[in-house]
Amino acid sequence: MRRPLPLVLVPILVGALLHAPAAYAAPPAGPASVTAGVEGLNLSVDWTPPADATGVTGYRLTTVPAGPALEVPVGTDHAVLTGARPNTAYSVRVSSLAGAEESAPTTAGQQVSTAAPGGSLHGITPTRLLDTRSGLGAPKGPTQQVSLLVTGGAPEGGSVVLNVTVTAPAAAGYLTAYPDGIARPTSSNLNFAGGQTLANLVVVPIGAGGRVILYSSAPTQLIADMAGWFTTPAQASPSAGLFHGINPARLMDTREELGGSTPALGETVELQVTGEGGVPAEGVAAVVLNLVAAGPLGAGYVTVFPTGAPRPTASTLNFAARQVVANRIIVPVGTDGKVSFFNQAEWTPLVVDVAGWFTDGSDPASGGSYLAGVTPTRIVDTRSGLGAPKAPIGPAATLPVTIAGKAGLPSASAATPPSGVIASITAIAPTAAGYFTAYPSLTARPTASDLNFAAGATVPTLAVTPLGVDGDLMIYNQAGSTHVIVDIVGYFVGDTAIPSTTHDPAPGAVTQVDGAPGGDQVVTLAPAAAVPEIGEVIAEGATAAAPDGLLVRVTAASTDGAGNHVLETEPATMQEAFGNGHFAISAQLSDADVQTFGSAKTLGPDLLRRRLSGDAPITSVSQPIGKVLTCGGGGQISVTGSLSVTPSFNISVDWGWLSIKSVSFTGTLAEDASLVATAQAAANCSVGPVALLPAPVRFAPITFSVGPVPVVITPQLQFYLSAQGNVTAQITASAVQHASGTLGLRWDGGLHPIAATSSTFTYDPPSASVVGTVTAKVGPRLELFLYGVAGPYLTATAGVKLTVNPAATPAWSLTGSLDAGAGITLPAFDFDKSNPSILHFEKVIAHAPWPQHLYLVQCVTADCYTTLKLVRANDDGTGVTQIGGTFGGGGLGLAVNPAGTEVVFNKAGTGTDYAMSLYARNIATGVDRRLTSQDLSCPDIGTNDMWPVWSPNGQTISFQRSSSFGWSSCPSDGVYTVPAAGGAVTKVSGLTRADSPPSWNPSTSRWAISRSATTSSLFTTNTNGTGKQTLYTQPPNGAGLGFPVWSPDGGTIAVGSGDGYIYGYAPGGGRQWAMRPPGYTGSGWFSWSRDSETLFYMQYNGNTKLLYRVAAGNAGQISTIAFSLPIKYHTLGL
């Protein structure tokens, strides 16, 4: 049974009491005495029951100030309160309970306080302490050693966070930072080449007299900017400046317009960091970032500072032109949870990953860890074989590094294990340019980088990262082979402190468990086993007696006739077992993991690690499909095929004593679904979902430990099928879908869906002449059981739908779909957050041919100007017919109205008419009507109205006006619209002749426009020129952009680039695809097919007779269409 949470003055975690009697009329007597002490980071409490314990059913433990609290059953006289904040004096109180009645509390004789195991962060806006170029903080001029006085309140015995820069070193060398008063260690913090300017973040203990030593092996100018400091343990805050590590996540990549646009010289980019990438929306004081300058056009630097604060005189990252270089950052968050990046260089692409955050103290229950400093200690050097094989890390290879238990750190199985590390990681002599990614063991490698290097360089970085639950760190090498050095300079500890009242029984101690997980169970221990006290917790890994592990609290104890210890238990919570804590685990599941009855196989850390690194094979789980679903009225739907799934998952939980702080659950389901659905005489028939298996597929339990306490997660998989049909005769749909993606939820005070998927389809064309629909959907449900109790789940359903209507356009369509839902259900935390629909994706994968025609301006004379003609052809180039008579001059643009009755084009005037104006030609009669005329404000300059685009509703035509092809200028030059029925032209405010003619979205509410300038860009606006949203910005003097074209379905804006690429952008932002198709020169025109699946384009060389047709985003699917005359322009229409 689950325990209720009664309303009390202090939030507490409550225990159920077996056989609770009715409430007594008077409160019971309180405990006779209470003694409180310290057990590591927890509070140990003992009490003497009242002399008259009549009616007492349990005890309540509370503290002043309000903090950890607990209820325990009668028979208990000792408990451990976890979640106490260090450096806080607590008065501990115990009261007796008798049903709903409670005694006055008995208070321990003196207050108790736990000591912080390390320092807390005090972050500041970067402040310059040292610059030997000007004599700030040290004598002016190059030097090899500086004794730097750390000012601003940083305490001796704490640690200072410095961004140290060397500039103009006399030779190649290295820099070491260490506390004053000790011998210089053998580790290095910064490696540099002669003449180089290079920065790196260091965290160094503050030594004697409040000073640190900066030693350089070669004379150099030194700069040091302070970003904050960590206090001494005695000065540490109970709740502010505590570290929470997260799996690295990418927040910004301006190359892809993710999180911001690439800044030019003197520009500042503001990045939202709170509420993103695993950082909570509130309660954040500072963040740990990794910043990469990814090939800037010029040398310079970037300064990072809190948004809203004055920009400091400091630099964060220094770089040379075209260099790819990174640096670690610890920076306070500013206004609205943002951080600013000021660029003092030419166009500089920026990449930013987040690896952790520090608390602001607003929520004392947030927990977190403290920094414990160590003397810099080398634990890995692959050149000598220290701590790793004596060999470089190869390309796409991962090196596991054991951190816990090294250099004086606690072991991973300690009651207070290390949860994160600060380490200097150095790449030595890489054979190719590449990068390192450092991330927690037993988690999936993130899309992030920590250290970027060039071939042959020696490059260090400071890693500030969480550790895996096994105390290890993974270092992934992206390219080439490189040696690596790892020096530990500090570690984070204190967010997990296992109480002594949590017990992991010795192997074989538990001989039998009666009762289902999640309810009351009877646990039998062998006679020689250690027996927990009433109120204490048993946490056991997967065994033959407990295949899903155990997480229970003892409520009563007895001994049977054979001397076995028989314990009555109820479900315990993770908070009771662990206090505060966290874990993150990733697992890739295989068909080989499927459990057979009686199997004792488990998935341990070693196999999980090898699979995540790609060193162990994985096979999919397959399920055949063969179901006939009967509908009312005698109809039926038959579904056959197969489903193959390769599941994996990632789960991360960070909890405090009172509540979950954050939790993330995602699954990656690579599935292949082959479906053939036939509906017969099925009128409005709907069946399912129905399970395809009599029982779910059970995988071997996944076991790991948080400190000394085992955690057991058992995955299960079931398949579900549903179908719908509405047809009087018979129709059949057949398709194969390969879908892959990451789906799930993240909760940090609010629920955030996670969905990133891709799908490909193959199909058999249907043959049907009746009107009707048939739909079939099939998919897995992956569910994780925590200690045998149903927990997080994920569903991903692939579907196929055939719609037939011979009278419609198209006559039939085949649609593929993917639906997903997820839930984060954690009974062991009393936590349940779900979203049954995090993704709904549909795509028309095939359809009957759309009626469409090609419209062309063709050259009759060799100069492609004197005589031109308009023609219409089928979309395969056949059936060419001329539209009206020939004309001279013009042909710069062509558009057809949605009804397919008129084309708009431009042609030159005659005589004194210097204008090149727009005309609408009736396709049936060939008769022209004039839409625009010479601009009378510039009578001596020819007005050239070009590149018309017809709006999807047929009412308006947009175009560009440019005097004398741009050789002259007139104040009226720019972008215009004109009513399609005729009337006055309207100039669009804010747009110039440097802007392309606008392309309309299907609803005619927005335009897509490219701007030709030193820095070309692609953007959208409202149809009056307001509401600009930039989608892409090229680097200065880049290849330039062509005219954008919005797809008929509204999903993609295609734009060409002068380097021969065609890009597809989502209207809301983000690049969807890029391709470089044959024959595309970057300045050729292209247009969409009516179904938005293919693009037609031409080479613009003045004499081309070829059109190309290519699948959008896939340059491999291409065909050519040849004509007898050269083509000047083309478009598509009805």
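The values are calculated or read from the model by the stated rules, or taken from the named source; none is laboratory data. Fair warning: this is a prediction, and the values are worked out from it, not measured in the lab. Methodologically, a virtual Cβ is constructed for each residue, glycine included, from the backbone with ideal geometry; neighbour enumeration extends over all protein chains shown.
Restricting Leu442, Leu451, Leu399 to those that are under 27 Å from Leu251 (Cα atoms), in contact with a helix residue (DSSP H, G or I) (Cβ under 7 Å, 6 or more places away or on another chain) and surrounded by 19 or more Cβ atoms within 10 Å (Cβ to Cβ) reduces the list to Leu442. I'd like the residue in segment 1059-1072 that is surrounded by fewer than 16 Cβ atoms within 10 Å (Cβ to Cβ) and not aliphatic (A, V, I, L, M) and, out of all such residues, is farthest from Lys1028 (Cα to Cα). It comes out as Asp1059. From the set of residues in segment 1020-1037 that are crowded, with 20+ Cβ neighbours inside 10 Å and within 19 Å of Pro263 (Cα to Cα), which is modelled with the lowest pLDDT? That would be Gln1034. Taking first residues from segment 86-99 that are of a type in the set (Phe, Trp, Tyr) and partners that are in a loop (DSSP other than H, G, I, E, B), the Cβ contacts under 8 Å between residues at least 6 apart in sequence or on separate chains come to Tyr90/Pro65; Tyr90/Gly67; Tyr90/Ala84; Tyr90/Gln111; Tyr90/Ser113.
Within segment 823-880, the set of residues being in contact with an Asp or Glu (Cβ under 8 Å, 6 or more places away or on another chain), assigned to a loop (DSSP other than H, G, I, E, B) and closer than 17 Å to Phe1086 by Cα comprises Gln852 only. Considering each residue of segment 484-501 in turn, at least one proves to be buried (at least 21 other Cβ atoms within 10 Å of the Cβ), more than 32 Å from the chain's Cα centre (by Cα), under 26 Å from Gly788 (Cβ atoms) and hydroxyl-bearing (Ser, Thr, Tyr).
Screening segment 376-390 for residues that are surrounded by fewer than 16 Cβ atoms within 10 Å (Cβ to Cβ) and over 20 Å from Ser441 (Cβ atoms) and picking the one that is farthest from the chain's Cα centre (by Cα) gives Ser384.
Restricting the first member to segment 609-630 and to residues that are free of Cβ contacts under 8 Å to residues at least 12 places away in the same chain, and the second to residues that are in a helix (DSSP H, G or I), the beta-carbon pairs closer than 6 Å and six or more apart or on different chains are Ala616/Arg610. Taking Gly816, is it within 30 Å of Thr1131 (Cβ to Cβ), touching a residue at least 24 places away in the same chain (Cβ under 8 Å) and surrounded by 17 or more Cβ atoms within 10 Å (Cβ to Cβ)? Considered against the rule, which asks whether it is within 30 Å of Thr1131 (Cβ to Cβ), touching a residue at least 24 places away in the same chain (Cβ under 8 Å) and surrounded by 17 or more Cβ atoms within 10 Å (Cβ to Cβ), Gly816 comes out as yes. Residues in segment 321-343 include at least one that is over 17 Å from Val269 (Cα atoms), among the hydrophobic types (A, V, I, L, M, F, W, C), touching an Asp or Glu at 6+ places or on another chain (Cβ under 9 Å) and part of a loop (DSSP other than H, G, I, E, B). Tallying residues that are in a loop (DSSP other than H, G, I, E, B) and either out of contact with any Phe, Trp or Tyr (no Cβ under 7 Å at 6 or more places or on another chain) or outside the structural domain of Val566 (by TED's automatic domain parsing) (or both) within segment 504-552 yields 29. All of (1) in contact with a Lys or Arg (Cβ under 7 Å, 6 or more places away or on another chain); (2) within 30 Å of Thr573 (Cα to Cα) hold for Thr57 with one exception: (1).
Look at Thr107 and say whether it is among the hydroxyl-bearing types (Ser, Thr, Tyr), over 28 Å from Leu567 (Cα atoms) and in contact with a Pro (Cβ under 9 Å, 6 or more places away or on another chain). So Thr107 fails the test.
Against the condition surrounded by fewer than 24 Cβ atoms within 10 Å (Cβ to Cβ), among the small types (Gly, Ala, Ser) and more than 35 Å from the chain's Cα centre (by Cα), how does Ala592 come out, does it pass? No, not satisfied. Return yes or no: is Val269 in a strand (DSSP E or B), under 21 Å from Thr335 (Cβ atoms) and among the aliphatic types (A, V, I, L, M)? Criteria met by Val269. Every listed requirement among (1) surrounded by fewer than 17 Cβ atoms within 10 Å (Cβ to Cβ); (2) part of a strand (DSSP E or B) is met by Ser648 save one, (1). Checking each residue in segment 881-904 for being touching a Pro at 6+ places or on another chain (Cβ under 7 Å) and assigned to a strand (DSSP E or B) picks out Gly893, Ala895, Val904. Residues in segment 802-811 that are surrounded by 21 or more Cβ atoms within 10 Å (Cβ to Cβ) and in contact (Cβ under 8 Å) with a residue 40 or more places away in the chain: Leu802, Val804.
Within segment 668-694, if we keep just the residues that are within 34 Å of the chain's Cα centre (by Cα) and among the hydrophobic types (A, V, I, L, M, F, W, C), the residue that is farthest from Thr619 (Cα to Cα) turns out to be Val690. I want to confirm something. Restricting to segment 327-369 and keeping residues that are under 28 Å from Gly295 (Cα atoms) and hydroxyl-bearing (Ser, Thr, Tyr), which single residue is surrounded by the fewest Cβ atoms within 10 Å (Cβ to Cβ)? Once the filter is applied, the top-ranked residue is Ser340.
Residues that are more than 19 Å from Ser817 (Cα to Cα) and of a type in the set (Gly, Ala, Ser) within segment 666-725 comprise Ala681, Ala682, Ala683, Ala691, Ala695, Ala700, Ser705, Gly707, listed in sequence order. Count of segment 717-745 residues, restricted to those that are within 27 Å of Lys661 (Cβ to Cβ) and surrounded by fewer than 20 Cβ atoms within 10 Å (Cβ to Cβ), is 1.
Leu81 meets all of the listed conditions (1) modelled with pLDDT under 95; (2) surrounded by fewer than 21 Cβ atoms within 10 Å (Cβ to Cβ) but one, namely (2). Looking at segment 90-167, the strands (runs of 3 or more DSSP E) lying wholly inside it that each contain 2 or more residues that are more than 38 Å from the chain's Cα centre (by Cα) and surrounded by 23 or more Cβ atoms within 10 Å (Cβ to Cβ) sit at 91-98. Test of understanding: among Ser642, Ser638, which residue is part of a strand (DSSP E or B), without any contact (Cβ under 8 Å) to a residue 40 or more places away in the chain and within 25 Å of Thr762 (Cα to Cα)? Ser642 is the lone residue from the list that is part of a strand (DSSP E or B), without any contact (Cβ under 8 Å) to a residue 40 or more places away in the chain and within 25 Å of Thr762 (Cα to Cα). Conditions first: (1) assigned to a strand (DSSP E or B); (2) in contact with a Gly (Cβ under 7 Å, 6 or more places away or on another chain); (3) of a type outside the set (D, E, K, R); (4) under 14 Å from Phe358 (Cα atoms). Met252 passes all but one, so which condition is the exception? Condition not satisfied by Met252: (4).
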